[in-house]
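The values are calculated or read from the model by the stated rules, or taken from the named source; none is laboratory data. Keep in mind the model is a prediction, meaning the values are calculated, not measured. Positions of Cβ are backbone-derived with ideal geometry, glycine not excepted, and every protein chain shown enters the neighbour counts.
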Amino acid sequence: MATVKEGNYGLDSQQKETFYKGVKELVNQVNNATIEACKAKISSGTIIERGVVPDSHRRTADNFMIIKKIFGHPVVHSRLNQEERSFLARYDFNPLEFSTSRQIQEELILLKKWSNSRNEELEYSSDRLINIRAKELRNLIATNYVDITNDIYNGFKALEKYFENISKYHTER
């Protein structure tokens with residue numbers, strides 16, 4: 001009976017390489033299937049499921065909706081500082097006023113996935129990005145941001161709708 005050296009498991013380098021490529025392909029297929037399933041939910045309008053929304057997103061949405069409900073609009077003209085802008089750029093996110101509805105929906109899918117991951121850095125980034133997005137939304141609403149000539153960049157409406165749907169303080173009018 002042949003003995004196997006520890007750590008080698010009787011595989012040569014080509015077999016190991018084939019094995020690792022197979023594992024990498026399986027992981028990519030799972031990630032793509034998850035993203036495609038979420039995109040299908042976007043198109044069917046069921047992206048907001050109460051069970052899959054992270055608690056940090058709910059807290060941010062509740063905070064936004066309480067201020068909106070009490071004052072009718074955000075009272076703080078909160079502008080992004082340079083550090084927050086560079087944090088958005090680090091993850092290749094456009095400013096909210098230059099984002100389409102589709103981009104925001106894809107970002108929300110990504111942020112939900114990161115928030116539910118076991119990687120602490122991704123969880124922190126997700127929480128920070130959703131808070132930055134809420135701050136941008138408050139600023140756009142407080143400054144009465146309206147761009148009549150361009151209906152393409154309406155991502156702020158998608159974000160506000162997301163907050164309304166996940167907040168427990170939103171009441172249908």
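Values for this structure:
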{"quantity": "Residue within the stretch 100-108 that is modelled with pLDDT of 80 or more, charged (D, E, K, R), within 13 Å of the chain's Cα centre (by Cα) and part of a loop (DSSP other than H, G, I, E, B) present", "calculated": "no"}
{"quantity": "Residue check, Phe163 of a type in the set (Phe, Trp, Tyr), modelled with pLDDT of 85 or more and farther than 17 Å from Asn94 by Cβ", "calculated": "yes"}
{"quantity": "Residue list for the stretch 74-129, filter: buried (at least 18 other Cβ atoms within 10 Å of the Cβ), within 18 Å of Phe64 (Cα to Cα) and of a type in the set (Ser, Thr, Tyr)", "calculated": "Ser126"}
{"quantity": "Enumeration of residues in the stretch 102-119 that are charged (D, E, K, R) and either in contact (Cβ under 8 Å) with a residue 60 or more places away in the chain or farther than 24 Å from Asn81 by Cα (or both)", "calculated": "Arg102, Glu106, Lys112, Lys113, Arg118"}
{"quantity": "Residue match in the stretch 86-93 (condition: at pLDDT 80 or above and among the aliphatic types (A, V, I, L, M))", "calculated": "yes"}
